[in-house]
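Novice: Mind having a look at this structure? Questions to follow.
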Amino acid sequence: MTSCYLYGRKPAEAQSAAGVKGVLIRNFDGELLFRVYQDHDNFIDYEIRHDDLSITIDKQELATFYRAEGHNILDHGPEVLGLEKVRDW
């Protein structure tokens, strides 16, 4: 269901995003966007203005948390990046 609201003093269509699956991407300016694919070739990129959005990473996403030199990083898994294993802890 779509409704119309004043958003930033301008009329805007509003549709619930609950349950929508998308991808966080970074554009050429370094801005994070939320990309929702409609099919393989068509998508909509949304600016992210939400300040505390809950995100669950799917098990098949091959995502890994890294901690290096005091930095916490979320990136592709070592298999995707072709990283060399140094040791197991």
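The values are calculated or read from the model by the stated rules, or taken from the named source; none is laboratory data. Note that the structure is a prediction, hence the values are computed from the model and not measured. FYI the Cβ positions are ideal-geometry reconstructions off the backbone, even for glycines, and counts take in every protein chain you see.
Novice: Answer yes if at least one residue in segment 60-74 is surrounded by 12 or more Cβ atoms within 10 Å (Cβ to Cβ) and among the β-branched types (V, I, T), and no otherwise.
Specialist: yes
Novice: Also, I was wondering about something else. Is there any pair linking a residue in segment 1-24 that is closer than 28 Å to Q60 by Cα to one that is modelled with pLDDT of 90 or more, with Cβ under 7 Å and at least six apart or on different chains, and which?
Specialist: Partner pairs satisfying both residue conditions: V20/V36; G22/F34; G22/R35; G22/V36; V23/R35; L24/L32; L24/F34.
Novice: Just wondering, is there one or more residues in segment 19-35 that are at pLDDT below 90 and either under 18 Å from L74 (Cα atoms) or not aromatic (F, W, Y) (or both)?
Specialist: Start the filter on segment 19-35 by keeping residues that are at pLDDT below 90, which leaves none.
No, segment 19-35 contains no residue that is at pLDDT below 90 and either under 18 Å from L74 (Cα atoms) or not aromatic (F, W, Y) (or both).
Novice: Can you name the residue in segment 25-47 that is surrounded by 12 or more Cβ atoms within 10 Å (Cβ to Cβ) and touching a residue at least 12 places away in the same chain (Cβ under 8 Å) and, of all such residues, is nearest to Y7 (Cα to Cα)?
Specialist: Here the residue is Y46.
Novice: Return a yes/no flag: does segment 56-70 have any residue that is under 23 Å from Y7 (Cβ atoms) and within 14 Å of the chain's Cα centre (by Cα).
Specialist: no
Novice: Let me ask another. For residues in segment 1-18 being surrounded by fewer than 10 Cβ atoms within 10 Å (Cβ to Cβ) and out of contact with any strand residue (DSSP E or B) (no Cβ under 6 Å at 6 or more places or on another chain), which is modelled with the lowest pLDDT?
Specialist: M1
Novice: Every residue in segment 30-59 that is in a loop (DSSP other than H, G, I, E, B), hydrophobic (A, V, I, L, M, F, W, C) and closer than 14 Å to A17 by Cα, please.
Specialist: Within segment 30-59, I48, L53, I55 qualify.
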